[in-house]
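The values are calculated or read from the model by the stated rules, or taken from the named source; none is laboratory data. Since we're looking at a predicted model, the values are computed, not measured. FYI the Cβ positions are ideal-geometry reconstructions off the backbone, even for glycines, and counts take in every protein chain you see. The accessibility values were calculated without ligands, DNA or RNA, using every heavy atom of the protein model including side chains. Shrake-Rupley method; radii C 1.70, N 1.55, O 1.52, S 1.80 Å.
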Amino acid sequence: MIVLGITGPTGAGKTTALEVLAELGFEIVDCDALYYQLLRTDESLRRALEEAFGPVFLPDGSLDRRAVAKRVFGDPSELAKLNSIVFPAVSGAVEQKIRECSQKGLAIDAINLVESGMGKLCRATVAVTAAPAIRLKRIMSRDGLTGEQARARITAQKSEDWYREHCTFLLENQEENWDACQKLMRSFFQNLLELLQKESMKMEAKEWKKTLLTEKKNGYDRMPAQEREAMDRYCEGYKAFLDAGKTERECVREGIRLAEEKGFRPYHRGMELKTGDRVYQDNRGKMLLLAVIGQKSLVEGAQITAAHIDSPRLDLKPTPLYEAEELAYLKTHYYGGIRKYQWVTIPLELHGVVALKDGTTVQVAIGEGNEPKLVINDLLPHLGAEQSKKTLAEGITGEQLNILVGSEPMEGEEKDRVKLAVMKLLYEKYHFTEADFISAELEAVPAVNATDIGLDRSMIGAYGHDDRVCGYAALKAMLDLDEVPGKTAVCVLADKEEIGSVGVSGMMTAAFDTFMEDLCETQGVPVRACLEKSFCLSADVTAAFDPNFGDVYEKNNSAYVNYGVGLCKYTGSRGKGGASDAAAELVAYARRIFDENGVIWQMAELGKVDAGGGGTVAAYMANRNIDTLDAGVPVLAMHAPFEVVARLDCYMTYKGMMAVYKN
């Protein structure tokens, strides 16, 4: 049904326009007549008028129009008071008429259509106007007025310019012949109704589109402006975490430091735990488990986040140091899925530990700050013709990833003088010998701190986003819990994901099961009963769509920078091989809690079906009978020595982790 508002000055032909609309199937609502009807039937209106203006009703119950006119006309404040009572009453009655109307359309006839606010009830408003000379003749003929009286009436009314400014359409009626006037108006309204019906169909299609289809929006178009400060504060904390944690061991140490600042204490088997207690467990310095004991029993499950804090890198071999042509090198074995050519000619640092036979462990950090850096050389282009013919995978081999560490020989020696000089420097600073490399874990990582990327500082560039960007989000959200959660919240920061989540510190370790079992035993709950009622958000990065390499992505199902945390229903590669494929109900649950907590999110898939793929810790959590879903930050240049993420996506991942703990 179409609702039209009809207004205009006296003598312009408004009555004829309404007659034409009635012929076209419209119900006509005369607001003047409706007002006088309400004056007799609406007790609340009558009471409001008497409270405002005193006794204004005659003995027969009708309004004393002269008394009211005497009060309000010439006094703008009194007129405004009258309108504030009358307009809402009439508008309410008109709305009721619209609801009850069963005809093709409804036309509201109101001289104060705009001022009363009734124009907002209309699909369109039409002002019927005419030239002053034509109106003058009509008024004189119709009302039996003198020319002077008719001109005074016209002068007192609103101008055509006013109607032009405030109404949707102007119907300019310059016809003096009644038949011609009616023909003009019939043509006008037929064309108008056809136009409005077409627009209504378009609007209806837009409403259907809004209701039925998904429209992706950039997160900056959705995030409240007041969240910007919180986002920036969070990202600065994340950058500091990255700079402090270049390896999984350093991440654990920094995580413990931050946790203890927030009241977490080490968990020891047999400890008494009560609601609200905050505990952590350090698994061999490479895996960190944290928990906040919830209000409900663990028999109802836990809310778990699981991320990994190891990243692709170069590990030193057990016997790494050698000399060739009076240059000293360290031999490496790459860890995780790297593209070897990316690791040459970039400054490197060396981080890790050397375990001595006497049981002591030496912390090693070489290349930090203004310290000298290390590097892997590449072949100059002048001599690289044959190398350039090879594929990217073959251009640099694993055995060529040898780190240059020195060139100055030690005096007084004839053989391996440079190697000996390097070893002497290491001994003087760290007090270990070449034999101690055998029991060392030393990792070569890019010598770069986290930094803002882009002229707008909207992104963060760093080594190790995969997967410390999710690990920090899970950790920080747990540390920031300001209330005791309903269910026990658990955060797992694991090692070895990049090589299959194996070993005593990887996600397949029994250390997680033992930690959960210990927590459950404090409440007399079988761990299997807890895990089957638990939810785990496997927090790992996903690939951000990169237009420079768009041919390997499937646009409809790719994650995009600044579109929020990416939910991955399944991981794996080519036919979901090795995937953890979350149930539909689980994805719906994540959608709900994210939406309820203002988390901007998107669905994500790791490239085209046949292009490749990857895995996360999700499968190993799901194998424990825990409902598990993947979610994480979209990353540009994933697994490169320098990766890029968006600040907005980092912050939304943090909010997503918080939503998991609280729900």
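Listing for the model above:
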{"quantity": "Relative contact order computed over the range 68-226 (Cα-Cα under 8 Å; 6+ residues apart), in percent", "calculated": "18"}
{"quantity": "Lysines with Cα under 29 Å of LYS206, excluding same-chain neighbours fewer than 8 positions away", "calculated": "LYS97, LYS104, LYS120, LYS198, LYS216, LYS217, LYS555"}
{"quantity": "Leading residue at positive end of dipole, the chain (Cβ point charges), from LEU537, LEU193, LEU273", "calculated": "LEU193"}
{"quantity": "Quotient of C-alpha Rg and 2.2 N^0.38 Å, computed over the range 287-383", "calculated": "1.65"}
{"quantity": "Straight-distance crosslink candidates among lysines, where the alpha carbon sits under 18 Å from LYS246 and sequence neighbours closer than 8 are dropped", "calculated": "LYS286, LYS373, LYS476, LYS496"}
{"quantity": "Value at 222 nm in deg cm²/dmol, rounded to 500, when DSSP H runs of n ≥ 4 in the chain each add -39,500 (n - 2.57)", "calculated": "-11500 deg cm²/dmol"}
{"quantity": "Net charge dipole size for the chain [Lys, Arg +1 and Asp, Glu -1 on Cβ; Debye, nearest 20]", "calculated": "2200"}
{"quantity": "Probe 1.4 Å, all protein chains present, accessible-area order of PHE188, PHE594, largest first", "calculated": "PHE188, PHE594"}
{"quantity": "Cα centre as origin, Lys/Arg/Asp/Glu Cβ charges: the range 592-663 dipole, Debye", "calculated": "200"}
{"quantity": "The chain: angle of helix 43-53 to the longest principal axis, Cα-based, in degrees nearest 10", "calculated": "80"}
{"quantity": "Over the range 55-207: Kirkwood hydrodynamic radius from C-alpha pairwise inverse distances, Å", "calculated": "18.7"}
{"quantity": "Accessible surface of LEU383 - all protein chains present, 1.4 Å probe, nearest 10 Å²", "calculated": "120"}
{"quantity": "Spatially proximal aspartates and glutamates relative to LYS415 (Cα-Cα < 12 Å; intrachain offsets below 8 disregarded)", "calculated": "GLU323, GLU325, GLU326"}
{"quantity": "C-alpha long axis of helix 178-212 to longest principal axis of the chain, angle in °", "calculated": "20"}
{"quantity": "Portion, in percent, of the accessible area of the range 436-521 that falls on carbon or sulfur, probe 1.4 Å", "calculated": "52"}
{"quantity": "Residue (of SER84, LEU106, THR41) at the positive-pole extreme of the range 33-152, dipole from beta-carbon charges", "calculated": "LEU106"}
{"quantity": "Computed magnitude of the charge dipole of the range 473-597 (debye, nearest 20; Cβ of K, R +1, Cβ of D, E -1)", "calculated": "380"}
{"quantity": "In the range 181-256, the trypsin sites (Lys or Arg not before Pro) that fall in loop regions by DSSP, at most 10 other Cβ within 10 Å", "calculated": "LYS216"}
{"quantity": "Euclidean distance between Cα centres, the range 107-131 to the range 588-646, Å", "calculated": "55"}
{"quantity": "Farthest toward positive dipole pole in the range 289-341 [+1 Lys/Arg, -1 Asp/Glu at C-beta], among TYR329, ALA306, LEU316", "calculated": "ALA306"}
{"quantity": "Answer label for volume of the Cα convex hull per residue in Å³ (calculated), chosen among (i) 159; (ii) 268; (iii) 168", "calculated": "(ii)"}
{"quantity": "Accessible area of MET603 in the full protein assembly, 1.4 Å probe (Å², nearest 10)", "calculated": "80"}
{"quantity": "Prolate/oblate/rounded call for the range 352-479, Cα gyration tensor, a/c under 1.5 rounded", "calculated": "oblate"}
{"quantity": "With all protein chains modelled, accessible area of TYR329 [1.4 Å, Å²]", "calculated": "30"}
{"quantity": "Low-density loop positions, GluC sites (Glu not before Pro), the range 34-143 - DSSP coil, at most 16 other Cβ in 10 Å", "calculated": "GLU115"}
{"quantity": "Probe 1.4 Å, all protein chains present, accessible-area order of ILE593, ILE499, ILE438, largest first", "calculated": "ILE438, ILE499, ILE593"}
{"quantity": "Between the range 296-311 and the range 1-72, the alpha-carbon center distance in angstrom", "calculated": "68"}
{"quantity": "Whether the range 410-547 is rounded, prolate or oblate, judged on the alpha carbon gyration tensor where a/c under 1.5 counts as rounded", "calculated": "oblate"}
{"quantity": "Cα-based helix-to-principal-axis angle, 132-143 vs the chain, degrees rounded to 10", "calculated": "50"}
{"quantity": "Restricting the range 99-181 to trypsin sites (Lys or Arg not before Pro) in coil, as DSSP defines it, with at most 13 other Cβ within 10 Å", "calculated": "LYS104"}
{"quantity": "Relative contact order of the range 218-354, pairs being alpha-carbon contacts under 8 Å that are 6 or more residues apart, as %", "calculated": "16"}
{"quantity": "log₁₀ of I(q)/I(0) at q = 0.16, 0.20, 0.24 Å⁻¹ - the range 78-136, Debye sum with one point per alpha carbon", "calculated": "-0.63, -0.83, -1.00"}
{"quantity": "Rounded, prolate or oblate (a/c below 1.5 giving rounded, otherwise prolate when a/b exceeds b/c) for the range 554-631 by Cα gyration tensor", "calculated": "oblate"}
{"quantity": "Accessible surface ranking that places the most exposed of CYS101, CYS520 first, with a 1.4 angstrom probe", "calculated": "CYS101, CYS520"}
{"quantity": "Mean separation of Cα contacts under 8 Å, 6 or more apart, over the residue count of the chain: relative contact order %", "calculated": "14"}
{"quantity": "Inter-part distance where the range 171-250 and the range 338-370 are each reduced to a Cα centre, Å", "calculated": "53"}
